[in-house]
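The values are calculated or read from the model by the stated rules, or taken from the named source; none is laboratory data. Predicted, not measured: the structure shown is a model, and the values here were computed from it. Neighbour counts are summed over all protein chains in view; Cβ atoms, including those assigned to glycine, are modelled from backbone coordinates with ideal geometry.
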Amino acid sequence: MEQRRLGRSGLSVSAIGLSTATWGGLTDAGEAADLLSTFVEAGGTLLDTAPTHGSGQGEELLGALLGKAVRRSDFVLATKAGVRVRDGRPDGSRRGLLDELDWSLARLDTDHVDLWQVQAWDPETDLDETLSALDYALVSGRARYVGLAQHNGWQFATLATRQLSASSGARVVSSQVEYSLLNRRAEAEILPAAAALNAGVLAGSPLGGGVLTGKYRTSIPLDSRAARSDTVDAYLSGASRLVVDAVGTAAEGLGVASAAVALAWLRDRPGIVSAILGARTVDQLRTCLTAEQLVLPAEIRAALDDVSLV
């Protein structure tokens with residue numbers, strides 16, 4: 001799998017990343033091991049987790065596999081902090097962030113993460129206090145690089161610019177944000193801000209919560225995300241349906257899966273370093289990994305550009 005530099009940093013990650021978002025909930029320990037093995041065989045290196053994944057179970061399952069089923073040194077291990085697991089509220093305090101980092105390290109059974117991301121903007125905590133936690137994580141060796149997740153454009157630019165003038169002079173190297181053919185809002189602010197500050201963008205939910213796979217075109221499967229919650233409702237009608245149909249038509253013409261078309265489009269967008277997949281099963285992951293060999297014809301790319309801007 002292609003490895004790409006994260007912004008102007010020295011850190012390289014795979015063009016497709018694997019998320020533990022379903023681990024400890026919909027994905028059990030055996031399935032998690034199979035997913036990781038399949039990802040390894042494909043040459044994937046970026047593993048993205050968070051304390052909020054299964055209330056810590058995602059990190060625990062990953063920690064049980066790293067160094068045992070696979071070598072820790074073969075991966076770029078990324079986790080997050082800044083959202084309280086107990087109530088979902090943002091917490092950018094030095095104590096909250098560093099406590100969460102230490103708990104993550106214990107669950108992951110490691111002494112450091114390669115990328116530590118602040119997951120939310122905390123309007124109640126002084127910005128310098130949040131940045132001091134990033135500095136300390138770096139100088140103490142708990143994290144090798146730092147980034148941000150789920151911040152809008154001005155929040156990312158404010159934190160990243162301020163971090164450059166902090167005592168360590170460490171750079172915010174990444175921004176993780178939702179981005180797909182069904183949600184291109186990142187193009188307005190985040191992508192330009194990240195480019196200006198030499199940061200790479202990690203695309204979360206690259207398949208629009210699974211909608212871009214086409215599995216909802218005719219009905220809603222009982223075991224699907226849409227059947228369990230309303231998190232993808234916004235992508236199931238109106239203009240979104242036109243995008244899904246266009247992806248399906250392109251996939252049929254190319255003889256590939258809809259997921260591969262959507263990921264190939266995203267992979268080649270300016271500024272995108274990696275698309276992070278929350279695949280629930282090995283079959284889903286294998287289908288998505290076929291995007292690695294797919295090059296979209298210019299006319300199909302142009303058509304997808306046009307329909308997704310409606």
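Some notes on this structure:
- Selection within region 174-198 - closer than 14 Å to Trp154 by Cα and surrounded by 20 or more Cβ atoms within 10 Å (Cβ to Cβ): Ser175, Val177, Ala186, Ile190, Leu191, Ala193, Ala194, Leu197
- Residue count for region 23-36, restricted to those that are of a type in the set (S, T, N, Q) and modelled with pLDDT of 95 or more: 0.
- Filter result for the condition that a residue is modelled with pLDDT of 95 or more, within 27 Å of Leu236 (Cβ to Cβ) and buried (at least 24 other Cβ atoms within 10 Å of the Cβ), over Leu202, Leu148: Leu202
- Residue in region 71-84 that is in contact with a Phe, Trp or Tyr (Cβ under 9 Å, 6 or more places away or on another chain), part of a helix (DSSP H, G or I), at pLDDT below 95 and not β-branched (Val, Ile, Thr) present: no
- Close pairs from region 274-291: first polar (S, T, N, Q), partner assigned to a helix (DSSP H, G or I), Cβ under 6 Å, at least 6 apart: Thr287/Ala259; Thr290/Ala260
- Residue match in region 134-146 (condition: under 27 Å from Glu31 (Cα atoms), touching a helix residue (DSSP H, G or I) at 6+ places or on another chain (Cβ under 8 Å) and not in a helix (DSSP H, G or I)): no
- Residue in region 99-115 that is without any contact (Cβ under 8 Å) to a residue 60 or more places away in the chain, in contact with a His (Cβ under 8 Å, 6 or more places away or on another chain) and within 22 Å of Gln150 (Cβ to Cβ) present: yes
- Listed by first and then second residue, the pairs linking a residue in region 35-47 that is without any contact (Cβ under 8 Å) to a residue 40 or more places away in the chain to a residue that is assigned to a helix (DSSP H, G or I) and buried (at least 16 other Cβ atoms within 10 Å of the Cβ), with Cβ atoms under 6 Å apart and 6 or more places separating them unless they lie on different chains, are Leu36/Leu65.
- Residues of region 248-282 that are part of a helix (DSSP H, G or I) and touching a Phe, Trp or Tyr at 6+ places or on another chain (Cβ under 8 Å): Leu266 alone.
- Restricting Leu101, Leu35, Leu62 to those that are aliphatic (A, V, I, L, M), assigned to a helix (DSSP H, G or I) and more than 17 Å from the chain's Cα centre (by Cα) reduces the list to Leu101.
Listed here are the residues, each with its yes/no results for (1) at pLDDT 95 or above; (2) within 17 Å of Ala186 (Cβ to Cβ); (3) crowded, with 18+ Cβ neighbours inside 10 Å.
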{"residue": "Leu242", "(1), (2), (3)": "no, no, no"}
{"residue": "Gly255", "(1), (2), (3)": "yes, no, no"}
{"residue": "Ala259", "(1), (2), (3)": "yes, no, yes"}
{"residue": "Ala262", "(1), (2), (3)": "yes, yes, yes"}
{"residue": "Trp265", "(1), (2), (3)": "yes, yes, yes"}
{"residue": "Ile272", "(1), (2), (3)": "yes, yes, yes"}
{"residue": "Ile276", "(1), (2), (3)": "yes, yes, yes"}
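- Glu292, sole failed condition from (1) crowded, with 23+ Cβ neighbours inside 10 Å; (2) part of a helix (DSSP H, G or I); (3) touching an Asp or Glu at 6+ places or on another chain (Cβ under 9 Å): (1)
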